[in-house]
Amino acid sequence: MSTPSTRKAVVAGVDGSETAVAAARWAGAVASRIGAPLHLVHSMPPEGIFYSEAAVLVQSQMIQQLEEDGKKLLADATERVRADHPELEISSFIGPGPAAKSLLEAAEDARLVVMGATGAGALENFLLGSTVLRVANHAPCPVVVWRGNTDSPLPDSRPIVVGVDGSELSSAAVTHAFYLASALGVPLRAVHSWLGDAALGVGATAALVDWDAVETSETAVLAETLAGWSDRHPEVTVERVIDRGPASKVLLAHLDDAQLVAVGSHGRGQFRAALLGSTSQNLLHKAPCSVLIARKV
């Protein structure tokens, strides 16, 4: 395997599926746009425990074959990515299983980790593989769960959507969304949702509420979160959307023409970090496009 660059790489998991190869090609396009190397990671299955010499011999032969198969998978994926971007610096690595372990180790010094969404057909919208969920939950860097057309996986002109709620976590999502929109040369759609009860406060009565004033207040939340970003990235066209309803429902309603949606997630080190928030989870399972989980910056 080639030696990884000292620059922080975009990491992509490769498992031999067409979805993983498509995700790697998308990752290669992003790496090329931001001037980063691409690091492809494949993992071996976890070793079992055997109690006879014959079983150990069989395991050794199996591991050797799996390693050869892994090398071929990485070589094929590298060739596919290089066909898109001949100038891109690409390295590869086969790590010990399970797959999430190898990806999380690579994520420690990565700019971005990209994985293909697993599953098939309608089931994919409701069930993601354990590797995807574990990496999305625990990686220290942003994670993209790629979902799209495997025949044409490269970034296109469709907008990137970012969820904004005024928190530090959504600020992280805004940071990465602007950066990616700028790198890909696409518009950004900033979506802010709000619920009536939260806007009213304790003890308020809906019939007595000045809803125009509430909407003005929620508009200010969106404006404050985006403040300064358009100045830093004047090349990015920004559409601002304010809608009433649960965050995941509102975001899903604005993804029909999007290529990616970015949302914030808790960092590591606290119990709540063990599980993504409900909005992130819903999007990972149900979004029709790729999902970026952003960490606090």
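A few notes on this one:
- So V135, is it at pLDDT 95 or above, in contact with a strand residue (DSSP E or B) (Cβ under 9 Å, 6 or more places away or on another chain) and open to solvent by less than 10 Å² (accessible area, probe 1.4 Å): no
- For the stretch 138-179, the tally of residues that are open to solvent by 10 Å² or more (accessible area, probe 1.4 Å), in contact with a strand residue (DSSP E or B) (Cβ under 6 Å, 6 or more places away or on another chain) and assigned to a helix (DSSP H, G or I) stands at 2.
- Hey, R80 surrounded by fewer than 19 Cβ atoms within 10 Å (Cβ to Cβ) and assigned to a helix (DSSP H, G or I) or not: yes
- The stretch 250-274, subset more than 23 Å from A183 (Cα to Cα) and surrounded by fewer than 14 Cβ atoms within 10 Å (Cβ to Cβ), residue modelled with the highest pLDDT: A253
The values are calculated or read from the model by the stated rules, or taken from the named source; none is laboratory data. What you see is a predicted model; the values in this text were computed from it and never measured. With ideal geometry, Cβ positions are generated from the backbone for all residues, glycine too; neighbour counts draw on all protein chains shown. With ligands, DNA and RNA removed, areas are computed over all heavy atoms of the protein, side chains included. Shrake-Rupley method; radii C 1.70, N 1.55, O 1.52, S 1.80 Å.
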